[in-house]
Amino acid sequence: MEKQIFSSSISPLSIVQMNDVFASYDSKNYVLQNIRMSIQRGTNYAIVGQSGSGKSTLLKLINGMMNPSNGTVKVNYQTPNFHEKSFKKFIAKIGYIPQNLGLVKNTTVLENVMIGALPRLGAFKSFFKIFPDKEIADAYNILKMVGLDDKAERKTYMLSGGERRRVAIARALMQKPDLLLADEIVSELDHVTAIEIMDIISDAQKKFELTSIMVHHDMNLALEYANRVAVIKKGEKILEIGVEGDEIVDFQTGNLTQKEILEQYNESEK
Ligand SMILES: Nc1ncnc2c1ncn2[C@@H]1O[C@H](COP(=O)(O)OP(=O)(O)OP(=O)(O)O)[C@@H](O)[C@H]1O
Ligand SMILES: [Mg+2]
């Protein structure tokens, strides 16, 4: 089978495109360097790397929370920018689950999920949190999907870690997203719960035809669920791999053998 080789030109199918991206928090040290990334619509994409390698920063570049110091980032063919009217429209379609989940602790599960609907309500309804019945019915359907419909009225601080993650997923799905960004949503969970959460996301991805970009610590989990896995080391993308049949293949250059991929990957763990 012909391997797909990475190209730096903008693909008509890409939802995220990064060309030669550098990012810095202090305009001195780059925390990301030379990042080239092309993510096609419908892909289940994973980013793995050691702590501090720049994974969360990558997600922040995609949702416009941060601008690159150099290079270009295009999301849905636009430069992510909170102040740009056209991007604001699309940002409502990015379901971003931050590393700390960003739940409002002292409010109920349902209220947290309804936050996902706010961008599509008018300013008045949004301010007074007036939700049409249809939106509430949708929220209950989504809570059912994530297995929390019986806990809709519970305050989120009373939930387990796995349940809190389900709320964050439900809030993101309530946005009716085109793109789902999840930052280490299954880290620190036991394996069984992690698989349950990954299955929920995988089912939602198929049902709503989303593109998902998930940051992981666990390479095995990433390879099990993702079509493509980018490995980040000290701010650089050193590999982009995926599974075809029984083989791990190199999508970044198209040249590496499975043995070379594993050697590079093991090196990246050091
Ligand atoms: N707000 C910030 N201000 C300054 N430096 C930051 C900030 N956020 C992150 N950094 C630095 O940028 C680098 C990359 O951080 P980032 O959070 O992207 O890593 P990560 O791969 O997500 O790590 P982890 O797995 O621990 O979440 C680190 O060296 C970190 O210290
Ligand atoms: Mg992080």
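Which ones in segment 121-130 are outside any helix (DSSP H, G or I) and either without any contact (Cβ under 8 Å) to a residue 12 or more places away in the chain or over 22 Å from LYS151 (Cα atoms) (or both)?
LEU121, GLY122, ILE130
Residue check: is ALA152 loosely packed, with under 14 Cβ neighbours inside 10 Å, over 22 Å from the mean Cα position of the chain (by Cα), among the small types (Gly, Ala, Ser) and more than 16 Å from ligand 1 (Cβ to nearest atom)?
no
Restrict the check to segment 90-108 and report whether at least one residue is within 16 Å of ligand 2 (Cβ to nearest atom) and over 28 Å from GLU240 (Cα atoms).
Yes, that holds for at least one residue.
If you take just the helices (runs of 4 or more DSSP H) that sit entirely in segment 188-270, which of them hold at least 1 residues that are hydroxyl-bearing (Ser, Thr, Tyr), more than 17 Å from the chain's Cα centre (by Cα) and within 28 Å of TYR30 (Cα to Cα)?
Because the criterion is at least 1 residues that are hydroxyl-bearing (Ser, Thr, Tyr), more than 17 Å from the chain's Cα centre (by Cα) and within 28 Å of TYR30 (Cα to Cα), the helices (runs of 4 or more DSSP H) in segment 188-270 that meet it are 258-268.
Take the conditions hydrophobic (A, V, I, L, M, F, W, C) and more than 25 Å from SER24 (Cβ to Cβ) and apply them to VAL73. Does it pass?
No.
Condition check: of a type outside the set (Ser, Thr, Tyr), surrounded by 17 or more Cβ atoms within 10 Å (Cβ to Cβ) and either more than 21 Å from LYS237 (Cα to Cα) or modelled with pLDDT under 95 (or both). Does PHE82 satisfy that? Let's see the steps before the verdict.
On the way: of a type outside the set (Ser, Thr, Tyr): yes; surrounded by 17 or more Cβ atoms within 10 Å (Cβ to Cβ): no; either more than 21 Å from LYS237 (Cα to Cα) or modelled with pLDDT under 95 (or both): yes.
For PHE82, the condition - of a type outside the set (Ser, Thr, Tyr), surrounded by 17 or more Cβ atoms within 10 Å (Cβ to Cβ) and either more than 21 Å from LYS237 (Cα to Cα) or modelled with pLDDT under 95 (or both) - is not met.
What do you reckon, is ILE97 in contact with a strand residue (DSSP E or B) (Cβ under 6 Å, 6 or more places away or on another chain) and closer than 25 Å to GLY116 by Cβ?
Here the answer is yes, as ILE97 does meet what is asked.
Restricting to segment 77-102, give me the number of residues that are free of Cβ contacts under 8 Å to residues at least 60 places away in the same chain and more than 15 Å from ligand 1 (Cβ to nearest atom).
Qualifying residue count, segment 77-102: 13.
Of all residues in segment 42-69, which are more than 9 Å from ligand 1 (Cβ to nearest atom), under 16 Å from ASN19 (Cα atoms) and either small (Gly, Ala, Ser) or not in a loop (DSSP other than H, G, I, E, B) (or both)?
Correct list: LEU61, ILE62, GLY64, SER69.
What are the residue pairs meeting all of these: first residue in segment 24-51, first residue farther than 16 Å from TYR225 by Cα and within 13 Å of ligand 2 (Cβ to nearest atom), second residue part of a strand (DSSP E or B) and acidic (Asp, Glu), Cβ atoms under 8 Å, and 6 or more apart or on different chains?
Close Cβ pairs satisfying both conditions: LEU32/GLU236.
Suppose the filter is surrounded by 16 or more Cβ atoms within 10 Å (Cβ to Cβ), farther than 30 Å from MET158 by Cβ and away from ligand 2 (no atom under 16 Å from the Cβ); does VAL73 pass it?
yes
Would you please list the contacts, defined by Cβ atoms under 7 Å and residues six or more apart or on different chains, that run from a residue in segment 62-76 that is at positive phi to a residue that is assigned to a loop (DSSP other than H, G, I, E, B)?
GLY64/PRO80; GLY64/ASN81; GLY64/PHE82
Please state which one of ILE5, ILE10, ILE39 is away from ligand 1 (no atom under 12 Å from the Cβ), closer than 24 Å to ILE91 by Cα and at pLDDT below 95. Let's see the steps before the verdict.
Values: ILE5 fails: closer than 24 Å to ILE91 by Cα; ILE39 fails: at pLDDT below 95.
Answer to the check: ILE10.
Would you confirm whether any residue within segment 53-65 is of a type outside the set (A, V, I, L, M, F, W, C), modelled with pLDDT under 95 and within 17 Å of the chain's Cα centre (by Cα)?
Yes, that holds for at least one residue.
Looking at LEU110, LEU118 in this structure, which one is buried (at least 20 other Cβ atoms within 10 Å of the Cβ), of a type in the set (A, V, I, L, M, F, W, C) and part of a helix (DSSP H, G or I)?
Among LEU110, LEU118, only LEU110 is buried (at least 20 other Cβ atoms within 10 Å of the Cβ), of a type in the set (A, V, I, L, M, F, W, C) and part of a helix (DSSP H, G or I).
Looking only at residues in segment 176-193 that are away from ligand 1 (no atom under 16 Å from the Cβ) and farther than 14 Å from ALA226 by Cα, which one is surrounded by the most Cβ atoms within 10 Å (Cβ to Cβ)? Write out each step before concluding.
Residues of segment 176-193 away from ligand 1 (no atom under 16 Å from the Cβ): 176-180, 190-193.
Applying the additional criterion that residues be farther than 14 Å from ALA226 by Cα yields 176-179, 190-193.
Working: LYS176: 17, PRO177: 20, ASP178: 18, LEU179: 24, ASP190: 11, HIS191: 11, VAL192: 9, THR193: 17.
Out of the qualifying residues, it is LEU179.
The values are calculated or read from the model by the stated rules, or taken from the named source; none is laboratory data. These figures come from a predicted structure and were not determined experimentally. Here the Cβ is made from the backbone with ideal geometry for all residues, glycine too, and neighbour counts use every protein chain on show.
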